[in-house]
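Asker: Attaching a single structure in structure tokens format; questions to follow.
The values are calculated or read from the model by the stated rules, or taken from the named source; none is laboratory data. What you see is a predicted model; the values in this text were computed from it and never measured. All Cβ positions, even for glycine, are placed from backbone atoms using ideal geometry, and neighbour counts span all protein chains on display. For accessibility, only protein heavy atoms count, side chains too; no ligands or nucleic acids. Shrake-Rupley method; radii C 1.70, N 1.55, O 1.52, S 1.80 Å.
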Amino acid sequence: MLNSIAHFFDFEGRKTNFRTETIAGITTFVSMVYILFVNPNVLGVSGMDKGAVFTATALASALGCFLMGFIANYPIAISASLGINAFFAYSVVIGMKVSWQTALAGVFVASIIFMILTALKLREKIIDSIPADLKAAIGGGIGLFIAFIGLNDGGLIEANKDTLVSLGSLHVGTTWLTIFGLIVTIILMSMRVPGAIFIGMVLNAILGMVTGLIPLPHQWVAAMPSLAPTFGVALTHIGDINSLQLIVVVLTFLLVTFFDTAGTLVGLAEQAGFIKNNKIPRIGRALIADSSTMLAGSLLGTSPMGAFVESSAGIAVGGRTGFTAIVVGILFILGTFFSPLLTVITSQVTAPALIIVGVLMAQSLKNVHWEQFEIAAPAFITLVGMPFTYSIADGIALGFITYPITMIAAKRGKEVSAMMYGLAVVFVFFLWILNR
């Protein structure tokens, strides 16, 4: 059995072994398992059943990891994308007042388009046409947006009619719970402790229960929560996508997921040393895995799925094949039996994780050529546009519209691809429709 596994995943060619790949899978899972608790909390604000979202997230993640492992043979895990789930809940459902059922239908339609684009190999062509600086700015902007949500959910900042935002109350116990979790996680991350985010959440939850700030759960292990509240809802509400606004929502899911996944795949492939001659081997297979998972996730009942940046933890300890992802998938299935822990994973427990993930995603900003103003301006507008408009899509739109303008002004218009000019026009209409 072990010899067959080693041969299938090419352990010898990747200079790895069964033990290393298994440890890498465990490390990746521990680093990203927080998504099982964060995703239900984020989507829960839209009215979705948290238990169903928990199960949908676990099963879709397991499927995505299996597909990535077997089809692409990459040590990259797939799960619900942070930032995009926030867009689903806060921008689409709460901001646009679209029902979560219709939003799920939007994810389903976007995933179908995603698969068609992948089959036609158009995604690779579009990736090549987007400037690296803007890709980096998108990643950093999403990170800033996620951190902003975490700061607010944890009570560290609050709305203020005079200054828009201000420091939250330090006389509230739950705010100090957030501060404790953030400090502990920062220390663990600085010490390079594997699974630092997850460990920080566990310690934070324990402190909350000990101090009485978080009620104790009635049980720790239970049967998998039912998928009934969300399963298949996307299919039954496709007919609701009957307006320009909802069509824009579908396109936004498509664009945001596209850029988020593309940037993550490129970054992880570079870390693992897979990129040769500026090309990523088997990238088409990896894109098939992530688009198929997005489709399955929408049917099960969760927001768009994508490659997870925490896969870098497993890669860092030596994961080089798809067996790492397979191990992660198996652990996600086992994780479905711990749904009662949802009651102790409050917003104060997840807030530090969101803030730290924001820090990790902001690292992509080092790849922006800030010394060139025509590049820095659209990158900066993309970066700050997301948290300041409370919309990932709006931030991307503002940056992509600005980019051709600054490049033409700098007499570098010929360096802008036809695709980027086309996207700028699309985003102008996008903003106009959203603000009608």
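Asker: Restricting to the stretch 385-412, what's the tally of residues that are of a type outside the set (S, T, N, Q) and open to solvent by 30 Å² or more (accessible area, probe 1.4 Å)?
Answerer: Qualifying residue count, the stretch 385-412: 11.
Asker: Restricting to the stretch 32-68, what's the tally of residues that are part of a helix (DSSP H, G or I), polar (S, T, N, Q) and open to solvent by 10 Å² or more (accessible area, probe 1.4 Å)?
Answerer: Number of matching residues: 1.
Asker: Looking only at the stretch 265-281, count every residue that is open to solvent by 20 Å² or more (accessible area, probe 1.4 Å) and at pLDDT 80 or above and tell me the total.
Answerer: Looking only at that region, the number is 3.
Asker: Pairs please, first residue from the stretch 200-211 and closer than 12 Å to residue 352 by Cβ and of a type in the set (D, E, K, R), second anywhere and in a helix (DSSP H, G or I) and open to solvent by 10 Å² or more (accessible area, probe 1.4 Å), Cβ atoms under 7 Å, 6+ apart in sequence or on different chains.
Answerer: Nothing qualifies.
Asker: Taking the condition of a type in the set (Phe, Trp, Tyr), under 30 Å from residue 60 (Cα atoms) and open to solvent by 20 Å² or more (accessible area, probe 1.4 Å), does residue 421 pass?
Answerer: For residue 421, the condition - of a type in the set (Phe, Trp, Tyr), under 30 Å from residue 60 (Cα atoms) and open to solvent by 20 Å² or more (accessible area, probe 1.4 Å) - is not met.
Asker: How do the pairs read when you match residues in the stretch 314-342 that are within 14 Å of residue 220 (Cβ to Cβ) with residues anywhere that are of a type in the set (D, E, K, R) and part of a helix (DSSP H, G or I), using Cβ under 9 Å and keeping only pairs 6 or more apart or on different chains?
Answerer: Listed pairs, sorted by first residue: 339/50; 342/50.
Asker: Does at least one position in the stretch 7-26 carry a residue that is in contact (Cβ under 8 Å) with a residue 40 or more places away in the chain, touching a strand residue (DSSP E or B) at 6+ places or on another chain (Cβ under 8 Å) and of a type outside the set (A, V, I, L, M, F, W, C)?
Answerer: No, every residue in the stretch 7-26 fails to be in contact (Cβ under 8 Å) with a residue 40 or more places away in the chain, touching a strand residue (DSSP E or B) at 6+ places or on another chain (Cβ under 8 Å) and of a type outside the set (A, V, I, L, M, F, W, C).
Asker: Same structure again: With respect to residue 232, is the statement that it is open to solvent by less than 10 Å² (accessible area, probe 1.4 Å), closer than 30 Å to residue 341 by Cβ and out of contact with any strand residue (DSSP E or B) (no Cβ under 6 Å at 6 or more places or on another chain) true?
Answerer: Criteria not met by residue 232.
Asker: Follow-up question, since we're still on this one. Which one of the conditions (1) over 29 Å from residue 367 (Cα atoms); (2) among the polar types (S, T, N, Q); (3) open to solvent by less than 10 Å² (accessible area, probe 1.4 Å) does residue 101 fail to meet, given that it meets all the rest?
Answerer: Every condition holds for residue 101 apart from (3).
Asker: Now, a different point. Within the stretch 144-151, can one find any residue that is farther than 29 Å from residue 262 by Cα and buried (at least 16 other Cβ atoms within 10 Å of the Cβ)?
Answerer: No; the residues of the stretch 144-151 include none that is farther than 29 Å from residue 262 by Cα and buried (at least 16 other Cβ atoms within 10 Å of the Cβ).
Asker: While we're here: Within the stretch 12-29, track down each residue that is open to solvent by 10 Å² or more (accessible area, probe 1.4 Å) and either closer than 17 Å to residue 64 by Cα or not in a helix (DSSP H, G or I) (or both).
Answerer: Once the filter is applied, which keeps residues that are open to solvent by 10 Å² or more (accessible area, probe 1.4 Å) and either closer than 17 Å to residue 64 by Cα or not in a helix (DSSP H, G or I) (or both), the stretch 12-29 yields 12, 13, 14, 15, 16, 17, 26, 29.
Asker: So, in the stretch 210-237, of the ones that are part of a loop (DSSP other than H, G, I, E, B) and among the small types (Gly, Ala, Ser), which residue ends up farthest from residue 101 (Cα to Cα)?
Answerer: That would be 212.
Asker: Criterion first (outside any helix (DSSP H, G or I), of a type in the set (Gly, Ala, Ser), in contact with a Ser or Thr (Cβ under 6 Å, 6 or more places away or on another chain) and farther than 30 Å from residue 402 by Cα) does residue 318 satisfy it?
Answerer: yes
Asker: Scan (1) crowded, with 24+ Cβ neighbours inside 10 Å; (2) more than 18 Å from the chain's Cα centre (by Cα) for the single condition residue 94 breaks and write down its number.
Answerer: (1)
Asker: For the stretch 111-126, which residues satisfy the criterion of being closer than 25 Å to residue 416 by Cα and open to solvent by less than 50 Å² (accessible area, probe 1.4 Å)?
Answerer: 114, 117, 118, 123, 124, 126
Asker: Spot the failing condition for residue 370; the list is (1) among the aromatic types (Phe, Trp, Tyr); (2) open to solvent by 30 Å² or more (accessible area, probe 1.4 Å); (3) at pLDDT below 90, and only one is missed.
Answerer: (3)
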